[in-house]
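Have a look at the structure below before the remarks.
The values are calculated or read from the model by the stated rules, or taken from the named source; none is laboratory data. Worth saying up front: this structure is predicted, and the values here are computed from it rather than measured. Neighbour counts run over all protein chains shown; Cβ positions are idealised from the backbone, glycine included.
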Amino acid sequence: MTVTVDTEAPRDLAAGHSDAVTVAFSDDAADICGVARIGRALGDDGSIVTSGLAVLFAGGSPIAVRAEGGVPAGEGLGWGRAEAAGVWTEVVDPLRAWRMHFDDEDGQHAFLLDLEAVSAPAELDADAPTAKLGGMQGYDQLVKVTGRVTIDGVERTFAGRGQRGHSWGAPDWDKLGVARTLGVWLDGDAGVTLTAVRPAKASSHADEAIHAVLLGRDGETDEPVSVVVADPRISTTYDSEGRQRHAGLELYETDESPYARRIAGEVSCGTTLDLGRLRLDTAFFTWRMEGRSGVGRYDVLRRVEA
């Protein structure tokens, strides 16, 4: 897959397939962070329906959570015609600028955020083992985030950083056990994206498919660059309820790399959402990498056994 401006448009949908845009953001100075997702799929009658999900945190606690599915899509093909759970998004300038909006049901919490790309796309191609196992492909970009956030009816200015992703496909949760997505957002427009997928009948971590991309700037041209990591490894410590609390990454950039680039993180806030047959543990982390600090998101989506 080569990401172009045309890739930004909603994908053609087949039965069982979905197409979604997800934005996560954090203003660590203001202690505000959140995530919003808008998705498209085919309904039972073959028409396009949308789903939405948003979680807003302040002071380390979730203050607004809203989810909705099965909403008939508006006319037209652009993302601006898809709205659910008070979430809508707009592509302002493909691969460069976007807008994300959320309103809760009582009007006490909301955000309207402008996103500006600060990295190259981190691609998860259909041929990657993680995409084949998970049934999804797509791309993510690190973004600068500005705008307004309303908390308890009081509007605040927001200035932070985050990550925008566009993904599509048909995950088969009869065969999958756990899918994890992780983003590290560092100063200097650098960071890491990681996706890990484990089959339902996996006997060990060795059966997990992991895809990681290092994002940064070329030292000579200062142009954004992305590097697929040859051998990414992740370890996570969970609490008694199965929620992620600490994580460590070891990233061997090439098969010949004598040492790994190491990242350590710990949870700053999070919550658990019941999504029917799936459970989502969504969390924001503080990260440390080679003397630099950052923030980011770490989600664990797992199948709930009957």
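Could you count how many residues in the stretch 48-65 are more than 20 Å from Asp31 (Cα to Cα), surrounded by fewer than 23 Cβ atoms within 10 Å (Cβ to Cβ) and of a type outside the set (Gly, Ala, Ser)?
2
I'd like the full set of residues that are more than 16 Å from Gly242 (Cβ to Cβ) and either part of a strand (DSSP E or B) or touching a Pro at 6+ places or on another chain (Cβ under 6 Å) (or both), limited to the stretch 266-280.
Glu266, Ser268, Cys269
Please go through the stretch 124-163 and pick out each residue that is of a type outside the set (A, V, I, L, M, F, W, C), farther than 23 Å from Phe57 by Cβ, surrounded by fewer than 24 Cβ atoms within 10 Å (Cβ to Cβ) and over 13 Å from the mean Cα position of the chain (by Cα).
Scanning the stretch 124-163 gives Asp125, Asp127, Pro129, Thr130, Lys132, Gly135.
Search the stretch 94-118 for residues being buried (at least 23 other Cβ atoms within 10 Å of the Cβ) and not aromatic (Phe, Trp, Tyr), and hand back the single one that is farthest from the chain's Cα centre (by Cα).
His109
Filter the stretch 8-32 down to residues that are modelled with pLDDT of 95 or more, out of contact with any Leu (no Cβ under 8 Å at 6 or more places or on another chain) and of a type outside the set (Gly, Ala, Ser) and give me whichever is surrounded by the most Cβ atoms within 10 Å (Cβ to Cβ).
In this case the residue turns out to be Val21.
The conditions are (1) within 17 Å of the chain's Cα centre (by Cα); (2) at pLDDT below 95; (3) not polar (S, T, N, Q), and Cys269 fails exactly one of them. Which is it?
Failing condition for Cys269: (2).
List every residue pair whose Cβ atoms lie under 6 Å apart, where the two residues are 6 or more positions apart in sequence or sit on different chains, the first residue falls within the stretch 263-287 and is within 24 Å of Glu253 (Cβ to Cβ) and in contact (Cβ under 8 Å) with a residue 40 or more places away in the chain, and the second residue, located anywhere, is polar (S, T, N, Q) and in a strand (DSSP E or B).
Sorted first by the residue in the stretch 263-287, then by its partner, the pairs are Thr286/Ser268.
For the stretch 66-80, which residues satisfy the criterion of being under 16 Å from Thr22 (Cα atoms) and either in contact (Cβ under 8 Å) with a residue 60 or more places away in the chain or surrounded by fewer than 18 Cβ atoms within 10 Å (Cβ to Cβ) (or both)? Lay out the reasoning, then the answer.
As a first pass, look at the stretch 66-80 and keep what is under 16 Å from Thr22 (Cα atoms): 66-69, 78-80.
Within the stretch 66-80, Ala67, Glu68, Gly69, Gly78, Trp79, Gly80 meet the criteria.
Can you tell me which residues in the stretch 164-193 are closer than 19 Å to Gly242 by Cβ and surrounded by 19 or more Cβ atoms within 10 Å (Cβ to Cβ)?
Going through the stretch 164-193, the residues closer than 19 Å to Gly242 by Cβ turn out to be 173, 176-182.
Scanning the stretch 164-193 gives Leu176, Ala179, Arg180, Thr181, Leu182.
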